[in-house]
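Student: Let me give you the structure first, and then I'll get to my questions.
The values are calculated or read from the model by the stated rules, or taken from the named source; none is laboratory data. As the structure is a computational prediction, the values presented were derived from the model and not from experiment. In this analysis, Cβ positions are derived from the backbone assuming ideal geometry, glycine residues included, and neighbour counts consider all displayed protein chains. For accessibility, only protein heavy atoms count, side chains too; no ligands or nucleic acids. Shrake-Rupley method; radii C 1.70, N 1.55, O 1.52, S 1.80 Å.
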Amino acid sequence: IHTETGLEMATRRTTKQNPNALAPEKLRRTCDASRFKFSSTDELRAPKTMLGQGRALEAIELGTEIDHDGFNLFVVGAPGCGMQDAVLKVLERKAKARPAPCDWVYVHNFEAPDKPTAICLTAGRANVFRDAMTAMMEQLRSDVPALFASEEYQNRRRNLEEGFKQRQESAFQELQGKAKERGTAILHTPSGFAVAPSHEGEVLKPEQFNAMPQAERERIEATIAEVQRELQDVLQEVPKLMTEVRKAVEQLDNQYAERALDQSLVEVAATFADVPDIVVYLRVVRDDLIKNIYMFLSSPEQVAAQGAAPSNVPAEGGRNDPRLRRYMVNVMVSSRASKNGNGAPIHRDENPSLGSLVGRTEHISQMGALVTDFMLIKPGSLHLANGGFLLVDARKLVTQPYAWEALKRSLKNNHIRVESASDIAGAFSTMTLEPGPIDLDVKVVLFGDHSLYYLLASNDPEFGEYFKISAEFDDMLPRDSAMEARYAAWIADVAKCSGVGALDPTGVAAVIDHSTRMVSDTERVSLKSDRIGDLLREADYWARKQGETLIGAAHVAKAIEGKQNRSDRIRERQLEMIEREIIMLDTSGSEVGQINGLSVLQIGDFSFGKPSRVTASVHMGAGKVVDIEREVALGGPLHSKGVLILSGFLASRFAQSIPLAFGASLVFEQSYGGVDGDSASSTELYALLSALSGVPIDQSFAVTGSVNQNGEVQAIGGVNDKIEGFFDLCASRGLTGSQGVLVPAANVQHLMLRQDIVEASAAGRFHVYSVSTIDEGIEILTGVPAGARGADGTFPEDSINRLVEDRLVGFARARRDFAKAGRDQSDDDAGDEYNA
């Protein structure tokens, strides 16, 4: 047994077919194109419903029809399985049956300008209201100046002003007459009015006044003082007269302003008389316009020239007077923007940030400061989807700061409140607004994969409160004869949606086979329409390049090969390093404690198998199996678990009556990256059994599969890539007919190997073996029977298990003897010390 060469073992095995060897037809499931009764997929009708998604579609129907709070949808599925398109089709049907939602606008709050008022209008009336207010302002811009420039207004104002002048002049003339009778005169000087002595209408000169007798001068001075007091009384009446005139003019202006406003407001008020909020708003607008009617009589340039600060706020709708902005209407959402006409809106938020979700308030720079007003409030996706459906990518949503909490807050309160990240975080203070809330009635649909759904469900206690319905999309479909016909129609629909030509039956069969390869399961086909669509687009390119009108199997094969070639650089480099013996790996001969393991490398969406050398060494010890990968922190937890299972297997099989007194080390040779997964545990166990028994393992084989403590080989992933990786290495060195791969029996149903491997297997140049137990596998690898424990409790002579057990017994006895010798030596040393 120990001296038999690998070639002799291979010869002995090939003389009799191993029952574990798989027939070529087991290595790949092929769709028979002759069973299809069409000549082109143009003859096929698209499926009425999505294949294999009945459970998900039923959940979507339920979620869209329940109007209670919290019954929002979380659509779960793998990327690319078409769940968004499927949901969209259902929602479009539901949206058409729903009434159009109301419109929402923001208007200026004249009592609290920093808190704009939200007003709800029936569908389609927001733009009408905005246009009506704009037209009213434009009309007032022309009507008010014309009205105040009319002859009627000018005459009435002139009469008021002339009446004031007449009263003022009459009072002054009366005072002048009294002063003249008393021998004085009232003079108008640059510094004001003055009273001077006069005689016969002539003002006396100072020397004339001084020449008068003392008594006369005293009389005149007393008269002048009296006239001055009367003059002061008259002058004090002037401001009162001016105030009366100003009030009269204001009353006159108000009358004409009311006349102009009533003419302009009557149409707007009549149009929206059924909206109480607008009726109240128009009354406030009327009062404010009356108070500020004079702004229509001066241009913004005149206001600026008088020292008022100019506004940098952009003009809206052709309005170039920023003073009129507070009378404008900011339309947040109008049903005219709905893509579904009169139905409910469907809005998809591609970037669900906080501002994109609940809206934002923009700011502009004005004189070195950031300012804003209600016209700079912008709607968010909740506004645009209000009354309908909002579609959001869950992963993008939860990765945006504050967005997830803002969505839950809106759903909880049933209203939308515009807020910014700076308001929530309190990062800095600037001029901002607190817009009034808008009532919310929306059905939110989140899209995400299973990991994200379970993460939110387990870590956010409020998640289930707001998303009570989950719709799980499957990414694969059972494959049978009846389903293949329906799947062909699905392929035809994907081809049409992808904008490519039709397929012939061979092309459909090739796509079905590749779809099965995508899911690595011969009893399933993939439902990832995006990847199938990409394959069809590339196959269509090759068909058109060759002048073909239909896509056939050759074009599909060309597309598959092209995709692999574009991503094959690293795989080729790995294979080249093995061929140049930079990476040491044997595909012939036999070695003790050495075996070829298989792993899978994933680079983007491309994966390939990578053979690796696994070695085991044994020695006397305390029963510990050392995983070198774990010791240097290169082994993941699943790999470490697999190694620990090996100890359990050895203990249960060989340590029933003796202790395990050996030590072992396992390692992936020339592995410089992380290793995880338990798919190499059976490989490591084979190497360990070889090292313990001393029986060499044929290096023509590679092995994959996990193992449990009972020695049963369990299924693993990536079986096709692993087999193909070892086949490519063997093919590059030359197939000998003795090379092959051992895979778990549970993975036979997953085999969809390349056609060249199937052909090599049929020609006897390469073999694939299925094993269910470690005993089956070790017999194939060594050519030596594993051996079963007999009635006497022992394994057969020269069997692998017997050799292993004998080696373990030898280790146990050696350890016992060594320990006893150590105790005896210790006693002798103690006696010598006493005698000394």
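Student: Considering only residues that are closer than 19 Å to residue 142 by Cβ, charged (D, E, K, R) and either touching a Phe, Trp or Tyr at 6+ places or on another chain (Cβ under 7 Å) or open to solvent by 70 Å² or more (accessible area, probe 1.4 Å) (or both), which ones fall in the stretch 263-293?
Tutor: Restricting attention to the stretch 263-293, the residues satisfying the condition of being closer than 19 Å to residue 142 by Cβ are 263-268, 285-286, 289-290, 292-293.
The next check asks that each one be charged (D, E, K, R); those that pass are 267, 286.
267, the sole residue that qualifies.
Student: I'm trying to understand the selection: among the residues of the stretch 646-667, which are surrounded by fewer than 24 Cβ atoms within 10 Å (Cβ to Cβ), modelled with pLDDT of 85 or more and in a strand (DSSP E or B)?
Tutor: 665, 667
Student: If I ask for residues that are assigned to a helix (DSSP H, G or I) and closer than 17 Å to residue 595 by Cβ, which ones from the stretch 753-787 would you list? Full working, then the answer.
Tutor: Restricting attention to the stretch 753-787, the residues satisfying the condition of being assigned to a helix (DSSP H, G or I) are 755-762, 774-782.
Result: 774, 775, 776, 777, 778, 779, 780, 781, 782.
Student: From the set of residues in the stretch 346-363 that are out of contact with any Leu (no Cβ under 7 Å at 6 or more places or on another chain) and assigned to a loop (DSSP other than H, G, I, E, B), which is nearest to residue 112 (Cα to Cα)?
Tutor: Filtering first and then ranking leaves 359.
Student: Can you find even one residue in the stretch 49-60 that is in contact with a Phe, Trp or Tyr (Cβ under 9 Å, 6 or more places away or on another chain), assigned to a loop (DSSP other than H, G, I, E, B), open to solvent by 50 Å² or more (accessible area, probe 1.4 Å) and over 30 Å from residue 486 (Cβ atoms)?
Tutor: no
Student: Under 29 Å from residue 638 (Cβ atoms) and open to solvent by 80 Å² or more (accessible area, probe 1.4 Å) - does that describe any residue in the stretch 614-621?
Tutor: Our first condition is that a residue be under 29 Å from residue 638 (Cβ atoms); within the stretch 614-621, this holds for 614-619, 621.
Next, only the ones that are open to solvent by 80 Å² or more (accessible area, probe 1.4 Å) stay: 619.
Checking the stretch 614-621: at least one residue is under 29 Å from residue 638 (Cβ atoms) and open to solvent by 80 Å² or more (accessible area, probe 1.4 Å).
Student: Report whether or not residue 551 is open to solvent by less than 20 Å² (accessible area, probe 1.4 Å), in contact with a strand residue (DSSP E or B) (Cβ under 9 Å, 6 or more places away or on another chain) and more than 30 Å from residue 694 (Cα to Cα).
Tutor: Working: open to solvent by less than 20 Å² (accessible area, probe 1.4 Å): yes; in contact with a strand residue (DSSP E or B) (Cβ under 9 Å, 6 or more places away or on another chain): yes; more than 30 Å from residue 694 (Cα to Cα): yes.
When the stated conditions are applied, residue 551 passes them.
Student: Being of a type in the set (A, V, I, L, M), part of a helix (DSSP H, G or I) and open to solvent by 30 Å² or more (accessible area, probe 1.4 Å) narrows it down to one residue among 128, 87, 144; which is it? Step through it out loud before you land on a result.
Tutor: Numbers: 87 fails: open to solvent by 30 Å² or more (accessible area, probe 1.4 Å); 144 fails: open to solvent by 30 Å² or more (accessible area, probe 1.4 Å).
After ruling out the rest, the residue left standing is 128.
Student: In the stretch 788-806, which residues are in a helix (DSSP H, G or I), free of Cβ contacts under 8 Å to residues at least 60 places away in the same chain and acidic (Asp, Glu)?
Tutor: We begin by selecting, within the stretch 788-806, every residue in a helix (DSSP H, G or I); these are 800-806.
Then drop every residue that is not free of Cβ contacts under 8 Å to residues at least 60 places away in the same chain, which leaves 802, 806.
Once the filter is applied, which keeps residues that are in a helix (DSSP H, G or I), free of Cβ contacts under 8 Å to residues at least 60 places away in the same chain and acidic (Asp, Glu), the stretch 788-806 yields only 806.
Student: Moving on to the next point. Have a look at 161, 111, 92 and point out the one that is closer than 30 Å to residue 289 by Cα, open to solvent by 50 Å² or more (accessible area, probe 1.4 Å) and either part of a helix (DSSP H, G or I) or of a type in the set (Gly, Ala, Ser) (or both). Give the steps one after another, and end with the answer.
Tutor: On the way: 111 fails: either part of a helix (DSSP H, G or I) or of a type in the set (Gly, Ala, Ser) (or both); 92 fails: closer than 30 Å to residue 289 by Cα.
Just a single option satisfies the conditions, and that option is 161.
Student: Which one of 46, 59 is of a type outside the set (Phe, Trp, Tyr) and modelled with pLDDT under 90?
Tutor: On the way: 59 fails: modelled with pLDDT under 90.
It is 46.
Residue-wise test of (1) surrounded by 14 or more Cβ atoms within 10 Å (Cβ to Cβ); (2) at pLDDT 95 or above.
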| site | (1), (2) |
| --- | --- |
| 741 | yes, yes |
| 744 | yes, yes |
| 760 | yes, yes |
| 767 | yes, yes |
| 770 | yes, yes |
| 796 | yes, no |
| 813 | no, no |
| 822 | no, no |
| 831 | no, no |
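Student: Give the stretch 101-148 a look and list any residue that's hydroxyl-bearing (Ser, Thr, Tyr), farther than 28 Å from residue 346 by Cα and in contact (Cβ under 8 Å) with a residue 24 or more places away in the chain, or say none.
Tutor: Going residue by residue through the stretch 101-148, those that are hydroxyl-bearing (Ser, Thr, Tyr) are 106, 117, 122, 134, 142.
Retained after the next criterion (residues that are farther than 28 Å from residue 346 by Cα): 134, 142.
The one that is hydroxyl-bearing (Ser, Thr, Tyr), farther than 28 Å from residue 346 by Cα and in contact (Cβ under 8 Å) with a residue 24 or more places away in the chain: 134.
Student: Picking from 491, 438, which residue would you name as being under 21 Å from residue 381 (Cα atoms) and touching a helix residue (DSSP H, G or I) at 6+ places or on another chain (Cβ under 8 Å)? Working first, answer last.
Tutor: Values: 491 fails: under 21 Å from residue 381 (Cα atoms).
Every option except 438 fails the conditions.
Student: With respect to residue 732, is the statement that it is out of contact with any Lys or Arg (no Cβ under 6 Å at 6 or more places or on another chain), open to solvent by 20 Å² or more (accessible area, probe 1.4 Å) and not in a helix (DSSP H, G or I) true? Before the answer, list the steps.
Tutor: Details: out of contact with any Lys or Arg (no Cβ under 6 Å at 6 or more places or on another chain): yes; open to solvent by 20 Å² or more (accessible area, probe 1.4 Å): yes; not in a helix (DSSP H, G or I): no.
It is false that residue 732 is out of contact with any Lys or Arg (no Cβ under 6 Å at 6 or more places or on another chain), open to solvent by 20 Å² or more (accessible area, probe 1.4 Å) and not in a helix (DSSP H, G or I).
Student: Please indicate, with yes or no, whether at least one residue in the stretch 244-252 is loosely packed, with under 14 Cβ neighbours inside 10 Å and in contact (Cβ under 8 Å) with a residue 24 or more places away in the chain.
Tutor: Just the residues of the stretch 244-252 that are loosely packed, with under 14 Cβ neighbours inside 10 Å, to begin with: 246-247, 250-251.
From what is left, the residues that are in contact (Cβ under 8 Å) with a residue 24 or more places away in the chain are none.
No - not one qualifying residue is present in the stretch 244-252.
Student: With the requirement that a residue be in contact with an Asp or Glu (Cβ under 9 Å, 6 or more places away or on another chain) and either buried (at least 19 other Cβ atoms within 10 Å of the Cβ) or among the charged types (D, E, K, R) (or both), what does the stretch 147-157 give you? Working first, answer last.
Tutor: So the first thing to find is which residues in the stretch 147-157 are in contact with an Asp or Glu (Cβ under 9 Å, 6 or more places away or on another chain), and the list is 148, 153, 157.
Residues satisfying the conditions are 148, 157.
Student: Since residue 718 meets every condition but one in (1) open to solvent by less than 20 Å² (accessible area, probe 1.4 Å); (2) under 40 Å from the mean Cα position of the chain (by Cα), which condition does it not meet?
Tutor: (1)
Student: For the subset of the stretch 414-449 comprising residues that are surrounded by fewer than 13 Cβ atoms within 10 Å (Cβ to Cβ) and assigned to a helix (DSSP H, G or I), which member is modelled with the lowest pLDDT?
Tutor: Among those that are surrounded by fewer than 13 Cβ atoms within 10 Å (Cβ to Cβ) and assigned to a helix (DSSP H, G or I), it is 425.
Student: Continuing with this model, one more query. Quick one: how many residues across the stretch 384-413 are open to solvent by 60 Å² or more (accessible area, probe 1.4 Å), touching a helix residue (DSSP H, G or I) at 6+ places or on another chain (Cβ under 9 Å) and closer than 15 Å to residue 443 by Cα? Give the derivation first.
Tutor: The initial filter retains those residues of the stretch 384-413 that are open to solvent by 60 Å² or more (accessible area, probe 1.4 Å), namely 384, 395-396, 399, 401-402, 405, 409, 412-413.
Still in the list and also touching a helix residue (DSSP H, G or I) at 6+ places or on another chain (Cβ under 9 Å): 384, 395-396, 401-402, 405, 409, 412.
Among the residues that remain, those that are also closer than 15 Å to residue 443 by Cα are: 384, 409, 412.
Residues meeting the conditions: 3.
Student: Test residue 502 against the stated conditions and say whether it is more than 21 Å from residue 56 (Cβ to Cβ), open to solvent by less than 20 Å² (accessible area, probe 1.4 Å), over 26 Å from the mean Cα position of the chain (by Cα) and hydrophobic (A, V, I, L, M, F, W, C).
Tutor: Values: more than 21 Å from residue 56 (Cβ to Cβ): yes; open to solvent by less than 20 Å² (accessible area, probe 1.4 Å): yes; over 26 Å from the mean Cα position of the chain (by Cα): yes; hydrophobic (A, V, I, L, M, F, W, C): yes.
It is true that residue 502 is more than 21 Å from residue 56 (Cβ to Cβ), open to solvent by less than 20 Å² (accessible area, probe 1.4 Å), over 26 Å from the mean Cα position of the chain (by Cα) and hydrophobic (A, V, I, L, M, F, W, C).
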